[in-house]
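S.K.: Sharing a structure with you now.
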Amino acid sequence: MEATPAVAAAAAAAPTAAQEVAAAPEGPLGEDEEEEEEEGDDDDDEETTPVVYTMENKPIVTCAGDQNLFSSLYPILSQQLPREPMEWRRSYGRAPKMIHLESNFVQFKEELLPKEGNKALLTFPFLHIYWTECCDTEVYKATVKDDITKWQNVLKVHSSMDWLIVVVECDAKKKNKTNILPRTSIVDKIRNDFCNKQSDRCVVLSDPLKDSSRSQESWNAFLTKLRTLLLMSFTKNLGKFEDDMRTLREKRTEPGWSFCEYFMVQEELAFVFEMLQQFEDALVQYDELDALFSQYVVNFGAGDGANWLTFFCQPVRSWNGLILRKPIDMEKRELIQNQEATLLDLRSYLFSRQCTLLIFLQRPWEVSQRALELLHNCIQELKLLEVSVPPGALDCWVFLSCLEVLQRIEGCCDRSQMDANVSHMVGLWSYATEKLKSLGYLCGLVSETGPNSEDLNRTVDLLAGLGAERPETANTAQSPYKKLKEALSSVEAFEKHYLDLSHATIEMYKNIGRNRSAKLVGKDLAEFYMKKKSPQKAEVYLQGALKTYLAEGWSLLITHTRKQLAECQKHLGQVENYLQTSSLLAGDNNLTEEERKHFCQEILDFAKQPSDEGQKVILSMHSFAQLKNLHFDPPNALVHVGGTLSIVLTLANQMPISVNVDQIAINVHFSIEKNSYRKTAEWLTKHKTSNGIISFPSEVVGLSLARSSLPMLELYEMYEKSPSDNSLNTTGIICKNVHMLLRRQESSSSLEISTGLTLEDGAHMLKCSNLILEPGVNKITFRTQGKEPGTYTLRQLCISVGKMQFALPHIYPIVQYDVYSQEPQLKVEPCTDSLLAGIPQKIKFTVTTGHYTIKNGDTLQLSNADAMPVLYHPESKAVIYSNTKEKTSEASLTIQSSEKITSINLPMAPAYHMIAFELEVLYLPSTPICMMENENLPSKEPRRKSKGKEISHNCMATIDQKVTIDCPWSIYSTIIALTFSIPFKAKHSLLSAGKRKYIQVCVQNMSDISFQLSESNLKSSEICTDLSLEPLNSKTEQHIHSKQAVFFIWELKWAKEPPSSLQCQFSMSFCSAPSEEHSLSLKPYTYEFQLENFFTLYNVKAEISPPLETEYCKTGSLCSLEILITRLSDLLDVDKDEGLTESDGYCTTKLMYEVVDNSSNWAVCGKSSGVISMPVAVQATHKVHMEVMPLFAGYLPFPDVRLFKYLPHHSAHSMQLDADSWIENDNLSVDKNMDDQADSSSIKSRGSIHSAASAEHKGLPMPRLQSFSPGQVFNSSSGMQILVIPSKDDHILEVNVT
């Protein structure tokens, strides 16, 4: 194999040691193998760059027979054999692989065959080939046959079954000997003699040295056979080796089992895979050995130790680091084989082999990752095994190993690859820096005085443990050995090497974005500078680290860094910064009590020092004390001009001891609304917190908000489209809550306090002096008096201690209190949900004095309204409340009334108080309270115009009453509107019984209270002696509940002809139940309505008769319906219209009748309507006959018979029949013969339409129908029923029950 070229970028991670890969059988490594390995172990003293060495071992193939023949063919064979890959299928389901086969062809010797017990794979001959070009039968019998027989006998003795006989055919020899038999005869003889059952073990190679197609085909067949047999041998022998190795591994729990012996066996398998260029499989073997050994060490630490581990518990005497510049470190391998290796020897050798294979696999970055894990694990394993290690020995071993790995990687990668993969190597740089620092402290190279004699002796011992430098690095100027030796030689050399490593490591960390790690290295560098008395250099690194820790919330790191920074600032003389840091540390709970007291005392000592006038040190207050909450009294933070406001601050003192405070001050900012309108007390109260407590977010001392406490990102998609073609121009993501994420966070993390922060000592300043702040929670009370109306905002808080001031520059969230100056106000509102008209109602008067003081003699003057008098009670009281709505006093209320004005004397009250009292009023409207509704004439009944308004059908009608009030504090009058609701709703209806007439009035209580009704009366507004109304009501008093109705009935009687129109007025007295006595009499409730054309003109009677010779009507049988229409009066004024026809003093009018059955109990047969000419004379009668069919059995009500006036189409005062009536009147036609009552024998349903009638409707003007007024037509058969029995042949009985 040739040397592997330099690798490129890092590849994927290698398989871990825990991968389940089949192991290999047992077999010690032979001496021949070691010799061959050492052949490839060559040192290049001239070149400084390490050379990638490879193993030159190849599978051994022996050659017997004609050696001259094989020598002539060897160049072609060695060149053609590895050219074509072969698929290698392995056992246990492992994936097949394509491999290129190479072989080491050697002359056959019996000494090469494996002896009993020697199962080394590297020296194992995998295939034996016998070469011959014999073409003469005699020669074959004389010499060749015996030679092949001896060769096979030797193979059988050593159980070698992998062999092949190659017969070479040459045309030149064939021509020279014409008497020889064909070649096939020799091949057949060989196959018959030696290959009876394995004929494929004899192959023919024709003219191998000629360039012909026949020769090429022969070579291809031969090479294919050779590759196949080699793969078969590999598979068989490797499988057996793996089985033996697995058996050996399973015996690891038995006494006497040795890890070193097993190590050599499995490494033999790794060598074979490496020989076959299967570096991944070879690496797996070493990973398995690594994992097995690690598990034994862990078990040993847990108390379950193996005996063979005692060999690795030897004290460490050499710490020369890893050796990675040779493919095989034979010295350490021999130590392992002889069971004399220490833990570091085993780990070093194992990692060197893994490193070599990883570089072959072009994965150098994995070497750095594994190296870092190895170095950390070795230190832990030495502790678990309790190995004795001299102080500093491990630091030397780690430092050398880190540099060795880095230089090994640099040797196989160019600069661009190194720069692109810094992240893989920076860990080793950092670890090397850390170990060099430890060595510097150990050897006294960092101390102020330099190393002493003890330190020098320790340094000599450490350098002695390194031993002599290795030959492969002796000529290298920057070898790890030389660097360590030089760094430990002097203080200056150590400083140079340590600073170079530290700066390089920090730069690498920054380049890959690992700022935390960079800050950590910088922190170590700062500690080094502090040891070197260079605090100005250390401060830069400490400030950078502290900034990072504050942003991310690492509290313990913050505390430790602050302690270092405080020491640095003290050395630099930065007084203000040192005091700020000391205050942070004094309030830090991560420190001990003594440490906190020390830093607190530093602050107090400075504060006690005398100071120049006006020069004070201003620090942030967050570290000294924290503002927890603030409490206003009154709670709404609202006070009138001249009022007193209390503010209670809750401060948490962070100091560990009590602190005497000279003054605590709050700076207040005053502002007035821009729009010059003053807020009212009611408005301000609605916009204030209810409990008056404002809490401030708790904060860790000196610690900014961690990232986890910030609100989550609210990200939304954003699209921007072109206005021309609506195509997408740009897209992106926007943050909706960026104002929350990027807002300024007030924190004491800033170490530089602005010198411009001052507290102005002016009028708007709240102060509290000479206090003692105890550790923990303290409450401080401030009191202020409202002077000027406006809004006062608490801006800053300052605590003064001697010459120091601890300031909170911004109080957040915003804290405000308001001082208001309010105008006097009068508020009038009902005591109930609604005011009812007609009964006494209570009204509440509320006077808010505002800045006005009510004096003796101040009155409220109400303009009297005739419809709403004020009811005075001598026991009326007025209650005075304070601004906080607490009752302060009570006074009697005096009311004086005149003809036009009612004066209410107000009791004396100071400013910003409230006077409340109640009065009773009674609404007495000057016009009748009526809301007219007629059940019979919903469309024609006129309604009176009044101030009343009806909200909805089920709600009470309301009336607004305006009242003018003059107040003593204003020259202007106040007009208020009181809305009164009418509690009743009335409606009337006209009832008829023949010619007798009755008037029914329904009164409904729409309110929520009950009433007593009495003195109900109905009279005509016109003077008419011939007409009388006789009441039919039995009770004089009636009780009506909420939402209930009461009915009143009167009979209407007349002596002469009644009038065509009658105006009526209904009245009744009412009072609430239980009744309240008042000196003022209540006005009755009235309701007016009008009746028109109420005299009965016609009587309609219907009779239904069963069919002839039957006693009852039956379902489905035709029955006779007779309608009798009778005129009950002579000609009246109401009859004089367009439909009246007069001839020779004989008057007639046309009527239309219609039979309708809305309940669908009857089917009308024939015409259901018609027009008749009716004489206008008393007892004039018209009969109509038709047939109907009952559809159901039972007592069925009679069909309805309707009567209309039939008017000419040109009548201006007639109305057209509604659409439903036209649909019912399907047989009505307008022609000259419409008076004829044509009978039809056909039965039609009421919904059918006659085609002839429809045709006539299209061309002729439509007739006009006019309904009679209520009471003009009396249907005497209304409500009558007739018994209908079912037919006998019906299977389903339907009974109608009404």
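S.K.: Select from segment 302-314 the residues that are surrounded by 15 or more Cβ atoms within 10 Å (Cβ to Cβ) and either of a type in the set (A, V, I, L, M) or in contact (Cβ under 8 Å) with a residue 12 or more places away in the chain (or both) and list them in ascending order.
M.R.: A306, W308, L309, F311, F312, C313, Q314
S.K.: Consider only pairs whose beta carbons are under 6 Å apart and that are at least six residues apart or on different chains; among these, list those whose first residue lies in segment 842-857 and is touching a residue at least 60 places away in the same chain (Cβ under 8 Å) and whose second residue is assigned to a strand (DSSP E or B) and β-branched (V, I, T).
M.R.: Sorted first by the residue in segment 842-857, then by its partner, the pairs are I843/V921; F845/V828; V847/I915.
S.K.: Hey, another quick one. Need the failing condition index for E169 against (1) touching a Leu at 6+ places or on another chain (Cβ under 8 Å); (2) more than 12 Å from L69 (Cβ to Cβ); (3) free of Cβ contacts under 8 Å to residues at least 60 places away in the same chain; (4) surrounded by 16 or more Cβ atoms within 10 Å (Cβ to Cβ), just the number.
M.R.: (2)
S.K.: Among the residues of segment 315-351, how many are buried (at least 16 other Cβ atoms within 10 Å of the Cβ) and part of a loop (DSSP other than H, G, I, E, B)?
M.R.: Of the residues in segment 315-351, 14 are buried (at least 16 other Cβ atoms within 10 Å of the Cβ) and part of a loop (DSSP other than H, G, I, E, B).
S.K.: Moving to a separate point now. Among the candidates A420, A468, A493, single out the residue that is within 18 Å of L324 (Cα to Cα) and either aliphatic (A, V, I, L, M) or at pLDDT 90 or above (or both).
M.R.: Selected residue: A468, the only one of A420, A468, A493 that is within 18 Å of L324 (Cα to Cα) and either aliphatic (A, V, I, L, M) or at pLDDT 90 or above (or both).
S.K.: Of the residues L649, L645, L630, which single one is outside any loop (DSSP other than H, G, I, E, B), open to solvent by less than 30 Å² (accessible area, probe 1.4 Å), in contact (Cβ under 8 Å) with a residue 60 or more places away in the chain and farther than 18 Å from C798 by Cα?
M.R.: Result: L645 is the single residue among L649, L645, L630 that is outside any loop (DSSP other than H, G, I, E, B), open to solvent by less than 30 Å² (accessible area, probe 1.4 Å), in contact (Cβ under 8 Å) with a residue 60 or more places away in the chain and farther than 18 Å from C798 by Cα.
S.K.: Listed residues E829, E823; which is under 23 Å from V639 (Cβ atoms) and open to solvent by 50 Å² or more (accessible area, probe 1.4 Å)?
M.R.: Just a single option satisfies the conditions, and that option is E823.
S.K.: Looking at G553 and the list (1) crowded, with 16+ Cβ neighbours inside 10 Å; (2) in contact with a strand residue (DSSP E or B) (Cβ under 7 Å, 6 or more places away or on another chain); (3) more than 19 Å from G802 (Cβ to Cβ), which single condition is not satisfied?
M.R.: Looking at each condition in turn, G553 falls short on (2).
The rows are residues; the columns are (1) closer than 24 Å to L550 by Cα; (2) open to solvent by 100 Å² or more (accessible area, probe 1.4 Å); (3) of a type in the set (G, A, S); (4) at pLDDT below 80.
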site: L713; (1), (2), (3), (4): yes, yes, no, yes
site: K721; (1), (2), (3), (4): no, yes, no, yes
site: T731; (1), (2), (3), (4): no, no, no, no
site: Q745; (1), (2), (3), (4): yes, no, no, yes
site: S769; (1), (2), (3), (4): no, no, yes, no
site: P775; (1), (2), (3), (4): no, no, no, no
site: K787; (1), (2), (3), (4): no, yes, no, no
site: C798; (1), (2), (3), (4): no, no, no, no
site: P813; (1), (2), (3), (4): yes, no, no, no
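S.K.: Here's a follow-up. Only strands (runs of 3 or more DSSP E) wholly contained in segment 1003-1105 count here; list those with 3 or more residues that are modelled with pLDDT of 85 or more and open to solvent by less than 40 Å² (accessible area, probe 1.4 Å).
M.R.: 1011-1020, 1045-1054, 1061-1072, 1085-1092, 1098-1105
S.K.: Would you confirm whether any residue within segment 267-283 is over 18 Å from N57 (Cβ atoms) and open to solvent by less than 10 Å² (accessible area, probe 1.4 Å)?
M.R.: Looking for residues that are over 18 Å from N57 (Cβ atoms) and open to solvent by less than 10 Å² (accessible area, probe 1.4 Å), one finds none in segment 267-283, hence no.
S.K.: When the residues of segment 227-282 are narrowed to those that are small (G, A, S) and either over 58 Å from the mean Cα position of the chain (by Cα) or in a loop (DSSP other than H, G, I, E, B) (or both), which ends up nearest to L81 (Cα to Cα)?
M.R.: Result: S233.
S.K.: Sticking with this structure for a sec: What number of residues within segment 652-671 are in contact with a His (Cβ under 9 Å, 6 or more places away or on another chain) and either open to solvent by less than 10 Å² (accessible area, probe 1.4 Å) or in a strand (DSSP E or B) (or both)?
M.R.: Total meeting the criteria: 4.
S.K.: Test each condition in (1) of a type outside the set (D, E); (2) over 19 Å from S1269 (Cα atoms); (3) outside any loop (DSSP other than H, G, I, E, B); (4) touching a residue at least 40 places away in the same chain (Cβ under 8 Å) for M1152 and report the one that comes out false.
M.R.: Looking at each condition in turn, M1152 falls short on (2).
S.K.: List pairs: first residue in segment 564-579 and without any contact (Cβ under 8 Å) to a residue 40 or more places away in the chain and small (G, A, S), second residue in a helix (DSSP H, G or I) and surrounded by 16 or more Cβ atoms within 10 Å (Cβ to Cβ) anywhere in the structure, Cβ distance under 7 angstrom, at least six positions apart or on different chains.
M.R.: Sorted first by the residue in segment 564-579, then by its partner, the pairs are A566/Y578; A566/T581; A566/S582; A566/L585.
S.K.: Also, quick follow-up: Listed residues M1186, M1174; which is surrounded by 18 or more Cβ atoms within 10 Å (Cβ to Cβ), aliphatic (A, V, I, L, M), in contact with a His (Cβ under 8 Å, 6 or more places away or on another chain) and modelled with pLDDT of 85 or more?
M.R.: Going through M1186, M1174 in turn, the sole match is M1174.
S.K.: Let me ask something additional. Can you confirm whether S215 is assigned to a helix (DSSP H, G or I), open to solvent by less than 20 Å² (accessible area, probe 1.4 Å) and in contact (Cβ under 8 Å) with a residue 40 or more places away in the chain?
M.R.: no
S.K.: Moving on. Against the definition (of a type in the set (A, V, I, L, M), without any contact (Cβ under 8 Å) to a residue 60 or more places away in the chain and surrounded by 14 or more Cβ atoms within 10 Å (Cβ to Cβ)), how does M508 come out, yes or no?
M.R.: No.
S.K.: Follow-up question, since we're still on this one. Is it the case that some residue within segment 301-322 is among the polar types (S, T, N, Q) and more than 27 Å from P390 (Cβ to Cβ)?
M.R.: Checking segment 301-322: not a single residue is among the polar types (S, T, N, Q) and more than 27 Å from P390 (Cβ to Cβ).
S.K.: Report every pair of residues separated by at least 6 positions or lying on different chains whose Cβ atoms are under 6 Å apart, first residue within segment 76-104 and of a type in the set (S, T, N, Q), second surrounded by 11 or more Cβ atoms within 10 Å (Cβ to Cβ).
M.R.: Q80/L223; S91/G239; S103/K58; S103/P59; S103/V61; N104/K58; N104/I60
S.K.: Taking the condition open to solvent by less than 60 Å² (accessible area, probe 1.4 Å), within 40 Å of the chain's Cα centre (by Cα) and touching a residue at least 12 places away in the same chain (Cβ under 8 Å), does E539 pass?
M.R.: The answer is no for E539.
S.K.: Please give the strands (runs of 3 or more DSSP E) falling wholly within segment 865-908 in which 3 or more residues are open to solvent by 70 Å² or more (accessible area, probe 1.4 Å).
M.R.: 887-892
The values are calculated or read from the model by the stated rules, or taken from the named source; none is laboratory data. This is a predicted model, so every value here is computed, not measured. Here Cβ is always computed from backbone atoms with ideal geometry, including for glycine, and neighbour counts include all displayed protein chains. Note: areas computed on protein heavy atoms with side chains; ligands, DNA, RNA excluded. Shrake-Rupley method; radii C 1.70, N 1.55, O 1.52, S 1.80 Å.
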